[in-house]
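> Following this message is one structure expressed as structure tokens.
The values are calculated or read from the model by the stated rules, or taken from the named source; none is laboratory data. The shown structure was predicted, so the numbers you read here are calculated from the model rather than taken from an experiment. A quick note on method: Cβ atoms are made from the backbone with ideal geometry, for glycine too, and the neighbour counts reach across all protein chains shown.
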Ligand SMILES: Cc1cc2nc3c(=O)[nH]c(=O)nc-3n(C[C@H](O)[C@H](O)[C@H](O)COP(=O)(O)O)c2cc1C
């Protein structure tokens, strides 16, 4: 559960580059983009311009399938679909492990209270050129307890640095952290919050995946770790905070009538500045805790096909799990095409078993906790199509989908101000819904057997031919 042990692992695997002397002002962000684009190594920034040595930023920590596999201890040559399958199986067989509360932990090495609070001490990056401010929280974990005290939610929501003790917190409508803070405000109270700005990937992951309302994500982190997550109790809010967090703050999200500030614009994951700049609630920070030489986990949204720290793979695993949990048979693979980020181009491969099966899968894929939010296209393909191969998927769309009869449009679905297709006048009215398309790129069920045969050489013919003419294929 210690991010530093994970960094040691990356070093041993020769998957980490140490960058000294970079500027928080756009250099960290741009290097992160360039390395992500090439699916290159993770980056650890130290001696950041204007900040003490040891105050570091880690980016692209789990941005490649290889590093994601290493995080789980899977073989590093694992295929992409096998990686998704294992995640799905993990969620299906999940036995939540409750956290344990400990008196103290590394995060308490340095504690600053009230007037001592100074968030400006951290090397917070300006990630993209048109950003309206610096964002301390990108790969973060926002911790809130529901007002009835029954459960604790964690969510990855972006956090803008406003000043020494004020942060901006952007949570999209419908997200659980937003519903929780609204419930406090409805009672006329500020919402207690703790935010972690650097955690082991297995501790962080559950906060950016969607689980049903009421799920204790710390118990999922425990299951991922294979041991109970150690938590300390925040002295200001009483909220549980991972003991090995690099940096954590405690404070309150003020009700909108008390204070709001301009938030954004911020470069968002669809590749645009979709939500622009608008007034958002603020967090008044009352405590800062951090380890000696703290490390900020950076995960800035980048234009697709960015990896989003492999969230496209994690979400595919979670959607596959959701489909199987519903008892739908014949699911052979789930994927997110990287051109659509982690949400806009979901692909589900199925072995069609009955008429209507493909449509059922398409509708279900966009209805679970993971699949419902901020989607666009769900593409259902037959199981002879490799869902992780974009060309194969697009070939299926091009040749098996009859646009007049095989595309279903569904209106008024759950989206977000980030959505670049929602026109300004609808956003102004608070209408953040979008439409979805289910693309059935499957052979029509009732005449699938008469559907024209594929003209590619059979596996056996290819193998014997390759064997016989092996010399033609050896590289000179
Ligand atoms: C790196 C990263 C940044 C994210 N930033 C935000 C954000 O700023 N606001 C938001 O509402 N969701 C954001 N998300 C998505 C949520 O974390 C995700 O939908 C999660 O399931 C929300 O948790 P909840 O279901 O507990 O609300 C981000 C996800 C990732 C991976």
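So that you can scan it fast, the table gives a plain yes or no per residue for (1) closer than 18 Å to residue 314 by Cβ; (2) in contact (Cβ under 8 Å) with a residue 60 or more places away in the chain:
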| site | (1), (2) |
| --- | --- |
| 331 | yes, no |
| 334 | yes, yes |
| 357 | no, yes |
| 390 | no, no |
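> Still on this structure, I have one more. Considering only residues that are more than 19 Å from residue 131 (Cα to Cα), free of Cβ contacts under 8 Å to residues at least 40 places away in the same chain and within 22 Å of the chain's Cα centre (by Cα), which ones fall in region 28-51?
35, 38, 40, 41, 42, 43
> I'm checking my understanding of the structure. Among residues of region 174-203 that are under 19 Å from the mean Cα position of the chain (by Cα) and near the ligand (Cβ under 9 Å from one of its atoms), which one is surrounded by the fewest Cβ atoms within 10 Å (Cβ to Cβ)?
If we take residues in region 174-203 being under 19 Å from the mean Cα position of the chain (by Cα) and near the ligand (Cβ under 9 Å from one of its atoms), then 174 is surrounded by the fewest Cβ atoms within 10 Å (Cβ to Cβ).
> Let me ask you something else. Taking the residues in region 204-248 that are assigned to a strand (DSSP E or B) and out of contact with any helix residue (DSSP H, G or I) (no Cβ under 9 Å at 6 or more places or on another chain) as candidates, determine which candidate is surrounded by the most Cβ atoms within 10 Å (Cβ to Cβ).
Checked region 204-248; the qualifying residue surrounded by the most Cβ atoms within 10 Å (Cβ to Cβ) is 230.
> Now for a separate question. For region 1-84, list the strands (runs of 3 or more DSSP E) that sit wholly inside it and hold at least 1 residues that are over 24 Å from residue 106 (Cβ atoms) and at pLDDT 95 or above; which are they?
Fully inside region 1-84 and qualifying: 16-20.
> Further question on the same structure: Among the residues of region 29-44, how many are in contact with a strand residue (DSSP E or B) (Cβ under 7 Å, 6 or more places away or on another chain) and farther than 13 Å from residue 299 by Cα?
1
> Something else: Take region 72-108 and flag every residue that is closer than 19 Å to residue 216 by Cα and touching a strand residue (DSSP E or B) at 6+ places or on another chain (Cβ under 7 Å).
99, 100, 101, 102
> Could you list, in sequence order, the residues of region 386-407 that are within 23 Å of the chain's Cα centre (by Cα) and more than 19 Å from residue 361 (Cα to Cα)?
389, 390
> Also, I was wondering about something else. Filter region 52-65 down to residues that are more than 17 Å from the chain's Cα centre (by Cα) and surrounded by 18 or more Cβ atoms within 10 Å (Cβ to Cβ), then give me how many there are.
3
> Among the residues of region 87-115, which ones are touching a residue at least 60 places away in the same chain (Cβ under 8 Å) and in a helix (DSSP H, G or I)?
87, 88, 90, 91, 92, 106, 107, 108, 109, 114, listed by residue number.
> Given (1) more than 21 Å from residue 57 (Cβ to Cβ); (2) modelled with pLDDT of 95 or more; (3) part of a loop (DSSP other than H, G, I, E, B), where does residue 129 come up short, assuming only one miss?
Going through the list (1) more than 21 Å from residue 57 (Cβ to Cβ); (2) modelled with pLDDT of 95 or more; (3) part of a loop (DSSP other than H, G, I, E, B), residue 129 breaks only (1).
> Considering only residues of region 216-258 that are over 21 Å from the mean Cα position of the chain (by Cα) and within 16 Å of the ligand (Cβ to nearest atom), which is nearest to residue 285 (Cα to Cα)?
In this case the residue turns out to be 253.
> Moving on to the next point. Among residues belonging to region 157-170 that are in contact (Cβ under 8 Å) with a residue 60 or more places away in the chain and within 6 Å of the ligand (Cβ to nearest atom), point out the one that is surrounded by the most Cβ atoms within 10 Å (Cβ to Cβ).
Of everything passing the filter in region 157-170, 158 is surrounded by the most Cβ atoms within 10 Å (Cβ to Cβ).
> Something else: Here are 381, 334, 347: which of them is buried (at least 24 other Cβ atoms within 10 Å of the Cβ) and closer than 24 Å to residue 61 by Cα?
334
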